[in-house]
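Data first, discussion second: the structure below is written as structure tokens.
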Amino acid sequence: MILSNITVPLLGLVDTAVIGHLGSAHYLAGIALGATVISMLFWLVGFLRMSTTGLIASAFGANDKQGVVMALQRSILLALLVALLLLLFQSLIAQAMALLSDASPQTLTQAYHYFYIRIYSAPAALVNLVLLGWMLGVQYGRGPFLLVLMTNTINIILDIAFVIGLGLEVKGAALASVIADYCALMFALYLVARLFKKHG
């Protein structure tokens, strides 16, 4: 449960740590601002994980296999709908970030670089919340641990490759997190499919 709650901010923290080695304050401030906004947006829909856990646990405890499937499908559809809304209104969100932050133009430029790339991880990140909730609901506590471990390992490797190796700076950090989120989604779907097969 704890690990599933810290997945999103951990990606932002890793990005910030790698960018901190570039030696420029506006890079660090920009990515910190962008990562904070992303974390806040994704945490606002944390109900996806919590509600999914409750619904799945109820159906699972009653041995209602159809109920387990239907609850998962509805939660995934809701997650994708919310992700679509975030993508549609990304410009308004970015404007609000600028108005509320009182950041310097250099910092805002870097924050925009990060935000406008990282926001495209929304579909994967939000569906991952649902799948984490599903794993907890069917009492598969090992799944979230494996998912967090894999996500952050990929993110660290790609951060170093993109930011330090290729010199992509803030854009590279954002891209690394997006790729890590979609890799996590593929792995989470694999775990869910394997559990469905195991339990019939």
Is the shape of the stretch 76-154 rounded, prolate or oblate, going by the alpha carbon gyration tensor and its root eigenvalues a ≥ b ≥ c, with a/c under 1.5 for rounded and a/b larger than b/c for prolate? prolate
Using label points projected 7 Å from each Cα along Cα→Cβ, tell me how many nm separate ALA62 and PHE196, to one decimal. 2.1
Quick one: if the Förster radius is 25 Å, what FRET efficiency do TYR140 and LEU44 give, using the C-beta to C-beta distance and rounding to 0.05? 0.45
Per residue solvent-accessible surface (Å²) - the stretch 61-139, probe of 1.4 Å: 49
Given all pairs of distinct Cα atoms, the chain yields a Kirkwood Rh in Å of 17.3
The ³J(HN,Hα) series, computed from each phi in the stretch 119-132 with the Karplus coefficients 6.51, -1.76 and 1.60 at θ = phi - 60°, rounded to the nearest Hz and given as x for glycine or proline, is 4, 6, 8, 3, x, 5, 4, 6, 5, 4, 4, 5, 5, 5
Per 5 Å bin from zero, what fraction in whole % of the C-alpha pairs of the stretch 43-100 is there, up to the bin with the longest pair? 4, 17, 20, 17, 13, 10, 7, 6, 4, 2, 0
What's the angle, to the nearest 10 degrees (0 to 90), between helix 47-61's Cα axis and the longest principal axis of the chain? 20
Cross-link partners among lysines for LYS171, C-alpha distance below 25 Å, same-chain residues fewer than 8 apart left out? none
Return the FRET efficiency for the residue pair VAL69, ILE179: r is the Cβ-Cβ distance, R0 is 35 Å, and the value is rounded to the nearest 0.05. 0.75
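Dividing the alpha-carbon radius of gyration of the stretch 16-57 by 2.2 N^0.38 Å (N being the number of residues), what value is obtained?
1.74
Would you work out what percent of the accessible area of the chain, with all protein chains in place, is carbon or sulfur (probe 1.4 Å)? Walk me through the numbers on the way to the answer.
On the way: 6970 of 9720 Å².
The nonpolar share, carbon plus sulfur, comes to 72 percent.
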Provide Rg and Dmax in Å for the stretch 120-181, with only Cα atoms included in the calculation. 13.6, 43
Pull out the extension gain between SER104 and SER51, defined as 0.36 nm times the separation in residues minus the alpha carbon to alpha carbon distance; nm, one decimal. 15.2 nm
Which of the lysines could a cross-linker span from LYS65 if the Cα-Cα distance has to be under 27 Å and same-chain partners fewer than 8 positions apart are dropped? LYS197, LYS198
So how much slack lies between ILE157 and LEU84, counting 0.36 nm per residue of separation and subtracting their Cα-Cα distance, in nm? 23.4 nm
Sorted by accessible area (1.4 Å probe), largest first, how do TYR114, TYR140 line up? TYR140, TYR114
How much solvent-accessible surface does ASP64 expose, in Å² to the nearest 10, with a 1.4 Å probe and all protein chains in place? 70
Diffing the stretch 134-150: the Karplus 3J(HN,Hα) column from phi (6.51, -1.76, 1.60, θ = phi - 60°), in whole Hz with x for Gly and Pro, holds 5, 4, 5, x, 9, 6, 9, x, 6, x, x, 4, 4, 5, 5, 4, 5
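Do you know the relative contact order of the chain, to the nearest whole percent, from alpha carbon pairs under 8 angstrom that are 6+ apart?
Averaging sequence separation for qualifying contacts and normalising by length gives 32 percent for the chain.
The values are calculated or read from the model by the stated rules, or taken from the named source; none is laboratory data. Source: prediction; values computed, not measured. Here Cβ is always computed from backbone atoms with ideal geometry, including for glycine, and neighbour counts include all displayed protein chains. When the accessible area is computed, the model is the full protein with side chains, heavy atoms only, and any ligands, DNA or RNA have been set aside. Shrake-Rupley method; radii C 1.70, N 1.55, O 1.52, S 1.80 Å.
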